[in-house]
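Asks: What follows is a single structure, and I will ask about it in a moment.
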Amino acid sequence: MTIHEIVSLVHGKILCGNVGNEDSVEYCFASDLMSDVLTVCRSDFMLITGLSNVQSIRTAEMSDLKYILLVRGKTPSPEMVELAEESGIVLIISPYSMFKASGILYQAGLKGVY
Amino acid sequence: MNLSFQIQGGDFTSAGTASSQVRRTLKELGVDASVIKRVVVALYEAEVNVVAHAYRGTISAEISPDKVFMKLVDEGPGITDIEKAMTPGFSTASQEVREMGFGAGMGLPNICRNADVFNIHSVPGKGTTVEITIQFK
């Protein structure tokens, strides 16, 4: 699924990072617990989280992830956006809850990592 | 190549800075991406542990052609029961740590899973030393 399709489905907005028309992702992992995110071996997934602090960006960086979808209408701090930009991470925000965003994306074809 | 960093207990904004620099260095050295992920996940968990539990600490990373050896030495309350601390899900983390997305009791098991060699030594009331070795191949 392309990133632009994802953004549209969750009524989201891209806050930083360059997204090409062909850029896409196949897998998702939704969690507010960063240690759980760090247990996932693969790196080709989008992180859905409601954790709005620099550690969610750091976790994505360490996990070698390219996309974060920040849910529950959270507004990331300027430090978060700056760190995401530095790390080449695309930060997307959505007003939907984690359950709703995950459900919509799952129904549209995104897969869970396990 | 040797890298070293100082860590301040409770400084959650900076937590991960050292791991980020080690990641950048390993990338520049052309280390395999899956190995880099194991190194930085283990180091990041250990770094967060120092920030979450200790007063202060140091990290040193010795990068050689075939492996990286990382040592974290902290001054802090130490761990009275290491076996218990290694149990997935067991945590003594504060509410503040949990609000940062950590403290779910997965830190030490996560480090252990990613390391080729993992040593932990702690003196209650003094501090904890963690050693992590990861081979590049």
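Asks: Does any residue of segment A:39-58 turn out to be open to solvent by less than 60 Å² (accessible area, probe 1.4 Å), more than 11 Å from chain B (Cβ to nearest Cβ) and touching a residue at least 60 places away in the same chain (Cβ under 8 Å)?
Replies: yes
Asks: Same structure again: Just to be sure, is A:Leu47 under 17 Å from A:Gly112 (Cβ atoms), touching a helix residue (DSSP H, G or I) at 6+ places or on another chain (Cβ under 8 Å) and modelled with pLDDT of 95 or more?
Replies: So A:Leu47 passes the test.
Asks: If the requirement is being within 14 Å of chain A (Cβ to nearest Cβ), of a type in the set (Val, Ile, Thr), over 13 Å from the mean Cα position of the chain (by Cα) and surrounded by fewer than 17 Cβ atoms within 10 Å (Cβ to Cβ), which of these qualifies: B:Thr80, B:Thr87?
Replies: The match here is B:Thr87.
Asks: Among the residues of segment B:107-131, which ones are open to solvent by less than 50 Å² (accessible area, probe 1.4 Å) and either of a type in the set (Ser, Thr, Tyr) or within 14 Å of chain A (Cβ to nearest Cβ) (or both)?
Replies: Residues satisfying the conditions are B:Gly107, B:Leu108, B:Pro109, B:Asn110, B:Ile111, B:Asn114, B:Ala115, B:Ser122, B:Thr128, B:Thr129.
Asks: Shifting gears a bit: Looking at (1) within 16 Å of the chain's Cα centre (by Cα); (2) modelled with pLDDT of 95 or more; (3) open to solvent by less than 20 Å² (accessible area, probe 1.4 Å), find the lone condition where B:Leu26 falls short.
Replies: (1)
Asks: Looking at (1) free of Cβ contacts under 8 Å to residues at least 40 places away in the same chain; (2) assigned to a helix (DSSP H, G or I), find the lone condition where B:Ala46 falls short.
Replies: (1)
Asks: Which one of the conditions (1) open to solvent by less than 10 Å² (accessible area, probe 1.4 Å); (2) touching a residue at least 40 places away in the same chain (Cβ under 8 Å); (3) not polar (S, T, N, Q) does A:Ile68 fail to meet, given that it meets all the rest?
Replies: If we test A:Ile68 against (1) open to solvent by less than 10 Å² (accessible area, probe 1.4 Å); (2) touching a residue at least 40 places away in the same chain (Cβ under 8 Å); (3) not polar (S, T, N, Q), just (2) comes out false.
The values are calculated or read from the model by the stated rules, or taken from the named source; none is laboratory data. Fair warning: this is a prediction, and the values are worked out from it, not measured in the lab. Every residue, glycine among them, receives a Cβ derived from its backbone with ideal geometry; neighbour counts consider all protein chains shown. The accessibility values were calculated without ligands, DNA or RNA, using every heavy atom of the protein model including side chains. Shrake-Rupley method; radii C 1.70, N 1.55, O 1.52, S 1.80 Å.
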